[in-house]
Amino acid sequence: MNKEWSELNKTMQLQLKKRDTWQDGVVTLEKLRNQLLDTLNGFKKNLSREEFDAIPFINADGYHSKTIGYSIWHIFRIEDIVAHTLIADDEQVFFKGNYQQRVKSPIITTGNELIKEHIAEFSGQLDLDELYAYVMDVKKSTEGIVRGLSYDDLKLKISDDRKERLKSLNVVSTSEEAYWLIDYWCGKDVRGLIQMPFSRHWIMHIEACMRIKNKIHPE
């Protein structure tokens with residue numbers, strides 16, 4: 001793991017645990033996310049359209065077995081779902097902003113159900129400019145939600161009503177590769193969700209994207 005990202009992530013987790021430092025943890029979280037966003041923006045600046053859809057490690061196990069385009073979609077669909085449906089209990093950016101039509105996505109899910117060639121095919125259908133607009137909208141809205149939390153909110157568990165609402169939206173595929181996400185997210189408190197989809201999940205997938213980039217677009 002990138003050393004600076006790892007240190008920021010570790011610091012943020014420790015800060016969020018204590019009432020007198022948790023707001024510092026929110027600041028650290030945003031610093032980490034801004035650094036990660038810089039890397040994503042670097043992809044947009046330096047990679048060709050074809051490189052966003054390349055899948056050089058198609059038979060590998062791990063996050064690098066995807067495409068960069070798919071990975072960006074996956075990071076931000078998950079964040080949008082968790083931030084708005086499970087934490088804020090309001091409308092996802094995806095639906096409010098009409099992003100399925102804008103991004104030209106054939107799916108509304110996280111994409112966990114897609115494998116191998118299907119990932120590359122899906123990636124090639126995405127409008128990258130609109131995908132990056134979605135990235136910015138989700139990032140901004142999530143950070144607004146997190147800033148609006150209290151320390152006691154961090155300890156809240158996801159209610160059964162919100163879990164059922166999540167199921168009803170059909171934004172998580174019922175396939176074996178995806179449906180486990182619902183129990184996984186709903187088994188965490190709000191702090192746990194901040195520490196995974198909003199931070200560590202970004203790191204894991206963006207580092208995998210860098211591995212893909214280094215394979216297909218060496219400096």
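Relative contact order (percent) for the range 102-219, with alpha-carbon contacts under 8 angstrom and 6 or more residues of separation?
Working: 64 pairs, mean separation 36.8, N = 118.
Reported relative contact order: 31 percent.
In deg cm²/dmol and to the nearest 500, what is the mean residue ellipticity at 222 nm of the chain if only DSSP H runs of at least 4 residues count, each as -39500 (n - 2.57), divided by the residue total?
Numbers: 12 runs with 133 residues, N = 219.
Computed ellipticity for the chain at 222 nm equals -18500 deg cm²/dmol.
Tell me, how many Å apart are the Cα centres for the range 106-143 and for the range 80-95?
Between the Cα centre of the range 106-143 and that of the range 80-95, the gap is 16 Å.
Return the sequence-ordered ³J(HN,Hα) values of the range 85-102 in whole Hz as given by the Karplus equation 6.51 cos²θ - 1.76 cosθ + 1.60 applied to θ = phi - 60°, using x for Gly and Pro.
Running phi through 6.51 cos²θ - 1.76 cosθ + 1.60 with θ = phi - 60° gives 7, 8, 9, 7, 6, 9, 7, 5, 3, 4, 7, 4, x, 6, 6, 4, 5, 5 Hz.
Quick one: Debye curve from the C-alpha atoms of the range 92-217, no solvent, what's log10 I(q)/I(0) at q = 0.09, 0.12, 0.17 Å⁻¹?
Log10 of I(q)/I(0), two decimals: -0.30, -0.55, -1.16.
Report the relative contact order of the chain, percent, no decimals, based on alpha-carbon pairs under 8 angstrom and at least 6 residues apart. Don't jump to the answer; show the numbers that get you there.
On the way: 253 pairs, mean separation 62.4, N = 219.
Dividing the mean separation by the residue count of the chain yields 28 percent.
Grab every C-alpha pair in the range 1-116, bin the distances at 5 angstrom width from 0 up to the longest one, and report whole percents.
Once binned at 5 Å, the Cα pair distances of the range 1-116 give 2, 9, 14, 17, 21, 17, 12, 6, 2, 0.
Ratio to report: Rg/Rh of the range 140-192, with Cα atoms as the point set and Rh obtained by the Kirkwood method; give two decimals. Display every interim value, and only then the final one.
On the way: Rg = 12.7 Å, Rh = 12.4 Å.
Using only Cα positions, Rg/Rh for the range 140-192 is 1.02.
Using a probe radius of 1.4 Å on heavy atoms only, what accessible surface per residue do you get for the chain? Whole Å² is fine. Write out the running numbers ahead of the final one.
On the way: 10300 Å² over 219 residues.
Each residue of the chain exposes 47 Å² on average to a 1.4 Å probe.
Give me the percent of accessible area attributable to carbon and sulfur for the chain, probe 1.4 angstrom. Let's see the in-between values first.
Details: 4910 of 10300 Å².
In the chain, the share of accessible area belonging to carbon and sulfur is 48 percent.
What whole-number distance in Å separates the alpha-carbon centres of the range 161-210 and the range 49-71?
Taking the Cα centre of each part, the range 161-210 and the range 49-71 sit 20 Å apart.
Mind checking which of L86, I203, V26 is farthest towards the positive end of the chain's charge dipole, using Cβ charges of +1 (Lys, Arg) and -1 (Asp, Glu) about the Cα centre?
V26
Tell me the Kirkwood radius of the range 84-145: reciprocal of the mean inverse pair distance over distinct alpha-carbon atoms, in Å. Don't skip to the end; give the middle numbers.
Values: mean 1/r = 0.0794 Å⁻¹.
Result for the range 84-145, one decimal place: 12.6 Å.
Going 7 Å from the Cα of K10 toward and past its Cβ, which residues in the range 31-55 have a backbone nitrogen under 17 Å from where you end up?
The answer is 32, whose backbone nitrogens lie closer than 17 Å to the label point.
Based only on Cα atoms, what Rg/Rh ratio does the chain have, Rh being taken as Kirkwood's radius? Present the calculation step by step, with values, prior to reporting the outcome.
Working: Rg = 16.8 Å, Rh = 17.7 Å.
Rounded to two decimals, Rg over Rh is 0.95.
Farthest toward the dipole's positive end in the range 122-184, which of L128, A178, S168, given Cβ charges of +1 (Lys, Arg) and -1 (Asp, Glu) about the Cα centre?
Of the candidates, S168 comes out farthest on the positive side.
The values are calculated or read from the model by the stated rules, or taken from the named source; none is laboratory data. Nothing here was measured: the structure is a model prediction, and the numbers come from that model. Every residue, glycine as well, gets a Cβ built from its backbone with ideal geometry; the counts of neighbours run over all protein chains shown. All accessible areas refer to the heavy atoms of the entire protein, side chains included, with ligands and DNA or RNA removed. Shrake-Rupley method; radii C 1.70, N 1.55, O 1.52, S 1.80 Å.
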